[in-house]
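Following: one structure in structure tokens, then a few remarks.
Each value in this text was obtained by applying a stated rule to the coordinates, not by laboratory testing. Source: prediction; values computed, not measured. Note that we place each Cβ from the backbone using ideal geometry, even for glycine, and neighbour counts take in every protein chain shown.
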Amino acid sequence: MNRLTENLLLMLAFAKRALTLLALTAIVFVSGAGADDIQLPDMGSPADAILTKTTEAQIGRSIMRSIRLSGQVVEDPQINEYINEIGHRIAAQTNEGDHEFTFFVVNDPRINAFALPGGYIGVHTGLIDATRNENELAGVLAHEIAHVTQRHIARAIHANSRQSILSTALMLGALILGAAGGGGDAVQGAMAIAQGTAAQQQINFTRNNEYEADRIGIGALAEAGFDPHGMNSFFEVMSRQEFGAPDSRLPEFLRTHPVTTARIAEARARASEYPRAQASNSTNYGIAQSRLRVESFSTPGQAVNYFERRDYENQTDVERYGRAVAYQRAGRHVEAKRIFEELAGKDQKVIAYHIGLGESQLALEQYSASQATFDRAIELFPRNVPLVIHYGEMLLHMGKAEESHAMLLDLMNNVPPTPEQVRLIARAASEAGDDAESYYYLSEYRLMTGDLIGGINFLRQALRLPELQEIQRIRFEARIDFIREFMSEDQLKALQRSRPVGVAARNGH
């Protein structure tokens with residue numbers, strides 16, 4: 001079995017859970033496309049004629065739902081906030097409002113990153129750990145962002161338009177899900193392998209696309225204030241890992257982004273056209289790396305040993321932060337609290353220090369002190385996502401569910417939440433005794449993960465509550481009507497079968 005076939009077999013084996021949802025979604029997209037969907041292509045490209053930006057975004061959302069269902073997405077709000085902050089800072093330099101971006105981290109030690117249709121960009125934990133500085137991480141993100149803004153996926157599909165959009169979308173979803181480390185059944189891969197080679201040839205970015213992504217990305221790096229040499233610097237690191245390594249042990253990044261000496265030289269020459277930025281690593285870069293590194297160890301003791309390799313007096317603040325997080329994981333909260341107090345006293349601008357201190361105080365049952373720490377931080381950083389999420393969890397632990405619900409609702413009315421954050425507010429509403437809103441949030445969680453029937457059934461449960469207010473009834477029934485518009489005939493039939501016995505029909509629900 002050659003390497004390409006073996007890789008396809010492994011990746012396609014991980015995609016079984018995504019194929020059904022993606023197939024249904026893609027069929028709706030293709031059959032629903034009409035003359036109004038065909039627009040003049042951007043920059044003279046015919047890609048939009050075969051895959052509109054709207055359709056591309058819909059396909060991306062479907063794949064993203066399946067990746068989330070695989071359980072591989074890192075839900076740490078501090079890491080999510082950081083990767084999105086860096087990603088959007090770069091995207092702002094290449095994007096004229098035509099693309100929306102969502103950046104996320106996949107819990108996978110392999111060194112890789114990938115772009116999905118619709119602006120979803122995933123980074124493996126292994127890649128973040130492998131970067132030597134923030135400029136290298138920014139360089140990888142800039143490259144993936146350029147793939148999206150230059151619509152390389154749509155252009156690749158157009159380049160081989162003899163295959164249907166549906167089959168291409170299916171294979172793209174399968175391959176990306178495999179790269180994201182999802183779970184599945186090898187039988188599915190064996191069934192699909194006959195189509196695999198053709199699909200791989202179709203969706204692989206061409207050499208020209210890779211060079212174009214480098215060129216656009218380097219310019220964005222410079223404009224965003226990063227060192228433009230960050231991209232070629234990471235390429236050089238990967239190239240050295242390739243030298244002399246057995247083929248099967250190559251970093252995944254080299255399989256999906258082949259790096260040649262010519263490409264490195266061109267990237268270096270391109271970066272030299274811009275002023276060299278003296279950008280140092282942000283504190284948040286070190287914090288993200290430290291948090292991921294602590295979680296990478298099998299036991300808390302291993303994490304502690306790693307961060308105790310150097311004497312405390314000789315460590316940087318970021319290394320001390322990592323030590324404190326390792327102590328937290330090991331249950332050594334007194335030592336962790338002492339470090340967080342020192343760090344927060346030295347630099348109050350770092351939100352992670354406040355969060356760490358509040359969590360250590362909570363673990364030590366110093367409830368008043370913990371709430372005071374979070375209150376001070378909220379005054380400094382109102383509506384900061386990770387801060388509010390951690391504060392909401394702290395309030396729930398203290399039995400203050402109503403306060404938690406109100407704070408989380410204020411945040412989510414202003415910042416689009418992740419599915420896990422919606423589950424958190426559902427828990428807060430439930431513990432606050434607001435069952436109707438809890439069911440509503442659980443419905444939204446199911447919708448975000450692609451379960452339309454489950455979403456409607458939670459709304460049905462809410463409609464059965466005796467304490468339901470009329471304004472809530474109107475809102476929930478309108479939401480059901482809205483969801484039904486997007487359901488297939490099979491889903492509508494399944495919905496009818498799942499209807500709870502004894503529930504009176506209202507407006508056909």
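For this structure, a couple of remarks:
- Peptides 392-403, 300-311, 322-333 ranked from most to least packed by the mean count of surrounding Cβ atoms within 10 Å: 322-333, 392-403, 300-311.
- In this structure, the amide hydrogen of Val73, modeled 1.01 Å from its nitrogen in the peptide plane, lies closer than 5 angstrom to those of Asn107, counting only residues at least 5 positions away or on a different chain.
- Vicinal HN-Hα couplings computed from phi for the range 224-229 (Karplus, 6.51 cos²θ - 1.76 cosθ + 1.60; Hz; Gly/Pro x): 7, x, 8, 5, x, 7
- Sequence-distant residues sharing a close amide H with Arg110 (under 5 Å, placed H): Gly126
- Rounded to the nearest 20 debye, dipole of the range 434-509 from Cβ charges on Lys, Arg, Asp, Glu: 300
- Net charge dipole, the range 243-392: roughly 420 debye, given to the nearest 20, about the Cα centre with Cβ charges of +1 for Lys and Arg and -1 for Asp and Glu.
- Aspartates and glutamates with Cα under 16 Å of Lys346, excluding same-chain neighbours fewer than 8 positions away: Glu313, Asp317, Glu319
- Close amide H pairs (under 5 Å, H built 1.01 Å from N) link Ala279 with Asp227, residues at least 5 positions away or on another chain.
- Listed values for the range 215-221 are Karplus-derived 3J(HN,Hα) couplings in whole Hz (6.51 cos²θ - 1.76 cosθ + 1.60, θ = phi - 60°), namely 4, 5, x, 5, x, 5, 4, and x replaces Gly and Pro.
- Cross-link reach list, aspartates and glutamates versus Lys493, counting only Cα pairs under 16 Å and skipping chain neighbours closer than eight places: Asp451, Asp481, Glu485
- Neighbour-count order for His152, His88, fewest beta carbons within 10 angstrom listed first: His88, His152
- Reachable aspartates and glutamates from Lys53, criterion Cα separation under 12 angstrom, eight or more residues apart if same chain: Asp37, Asp42, Asp98, Glu100
- Taking each residue as 0.36 nm, the span from Asp347 to Val415 lengthens on full extension beyond its C-alpha to C-alpha distance by 21.8 nm.
- Calculated from backbone phi, Karplus (6.51, -1.76, 1.60) coupling profile of the range 401-416 in Hz, x at Gly/Pro: 5, 5, 5, 4, 4, 4, 5, 5, 5, 4, 5, 6, 7, 10, 10, x
- Taking label points 7 Å from Cα along the Cα-to-Cβ direction, Glu402 and Asp490 give a separation of 4.8 nm.
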